[in-house]
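See below for the structure under consideration.
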Amino acid sequence: ENKNDLLQIVCSYHALALPQRGSEIVFQPLEHLQAIEYVRPPISALAMDESFFYSMEPSEINAKFAAAEEALALSVWTTATICRVLSLDGILAVIAGVLLEKQVVVVCPNLGVLSAVVLSLIPIIRPFQWQSLLLPVIFHNLHIPAALSLKVDRYLCGCSLVSIKTNSCDPLFLIFVKFSCTQVLPMRMLDFLDAPVPFLVGVQDKPADLKMKSTSNLVQVNLPKKQVKTCYVPQLPQRKELVSELGPIHSKLAFEGSIAKKHPTYRCNEVQAEAAIQFLAIMRDYLESICANLRSHTITSVQSDQDRVGHFLCF
C-alpha cells in the first residue's frame, strides 16, 4: 500500500504551480501527513540592489532573484545549526576555504545536521555565490524506512528542500537542487572527490579506507568531533574585529544547542532565529565591505564588439 508513497510525494511536489511572490502555498504530501505551508517572500525581502540590473538580461535577473530566494529560505535554521555544532574559529576557517574555492568535505552521520551545515554556506557567504559542485549528502547506506519505502537508485530533480516526518523515523531530508542534477549521491560514486575541481560536499560516513589522492586544497570538517582540518588557508581580512562582533552571537546560539537537540534540525525558537539573523547580517556587511572599493582598483576597456570588460589591478 505504501510502496510508492515517496514517489507520489515527489510527483505531487513537482506538479505544484510556482506561487506568486508574497503569496502562500500549502503542500499536502499524503493524507496522513501534516501539510507544509510556505510563504514565498516578496522581492523587498531579498535584499537585492536592483540598480545593477539595468545591464542584465531577463534570464540573468531571474537567476539572481532565484539565488537570493534560495539563500533566504535556508538562512535561519542552517545558520543556527552550524553555530551549534562548530566553534566560531572553525566556522571562519570553513568560510575562508569556501571563499577561496577549496575542496570542502563535511562528515556527520546525522543527515539533518549534515545537510544543514553544508547548505548554511549558501546564505553565509552572500552576496557571493558558490559556483562549483554542491552535494549536501553522500549516502553511505541509503535507507528508506518502511513508511516511505522506495529504492532510490537514480537522480532526482526538484526545486527546494522538503522535510517529511513519519511515525517511524526522524525527519527524512530529501535534498533537491534547482534546475540541475541531484544533490544526493550514492557512496559508490565517492571517487569523484579526487576530481581537480572545487566542491562542497557532505558525507554521512567517511570510509576508513578512503584516501584522497590530493589534499593540497582540502578542508575537512568532522562535525561529531567539532574539528576542522585545512590545507593552507590565509586568515580572513580584519578577522579580529569580525570575531569580536560574531563572538557573543555565536555563544548565544551554541548555548541554545542543548535546547535545539530536542527538536528537528529545521525548527528554531525565537531566540535562535533572532541570533541567526544577526549573525548573517554581520557576515553580509563584512563581506560587502571587503569588496566595497573594488571599483577604485579596476579599469574598464571597451572591445571591438562594444562589450565592457573590467580588469582588476593587483598591487
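The values are calculated or read from the model by the stated rules, or taken from the named source; none is laboratory data. Only a predicted model underlies this, so the values are computations on that prediction, with no experimental measurement involved. Quick reminder, even Gly has a Cβ in these numbers, built from the backbone with ideal geometry, and neighbours come from all protein chains shown. SASA here: full protein model, heavy atoms, side chains in, ligands and nucleic acids out. Shrake-Rupley method; radii C 1.70, N 1.55, O 1.52, S 1.80 Å.
Computed values, structure above
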item: Rough spin-label spacing in nm, given labels placed 7 Å along Cα→Cβ, for Ile36 and Arg267; result: 1.6
item: Residue pairs, from the table Lys225/Lys252; Lys206/Lys240; Lys229/Lys252; Lys64/Lys226, whose Cα atoms sit over 30 Å apart; result: Lys206/Lys240; Lys64/Lys226
item: Local net charge near Pro198, Cβ-Cβ under 11 Å (Lys/Arg +1, Asp/Glu -1); result: 0
item: Residue-normalised accessible area of the stretch 1-51, expressed per residue, 1.4 Å probe, Å²; result: 71
item: Solvent-accessible ranking of Phe279, Phe53, Phe255, largest area first, probe 1.4 Å; result: Phe255, Phe53, Phe279
item: Extension gain from Ala281 to Glu57, taking 0.36 nm per residue of separation minus the Cα-Cα distance; result: 77.8 nm
item: Low-density loop positions, GluC sites (Glu not before Pro), the stretch 1-103 - DSSP coil, at most 10 other Cβ in 10 Å; result: Glu1, Glu31
item: With DNA, RNA and ligands ignored, accessible area of Asp191 (1.4 Å probe; Å², nearest 10); result: 120
item: Solvent exposure, largest accessible area first (probe 1.4 Å, DNA, RNA and ligands not counted), of Tyr13, Tyr266; result: Tyr266, Tyr13
item: Ranked order, Ile125, Ile43 - accessible area, probe 1.4 Å, largest first; result: Ile43, Ile125
item: 11 Å beta-carbon shell around Cys108, net charge (K/R +1, D/E -1); result: +2
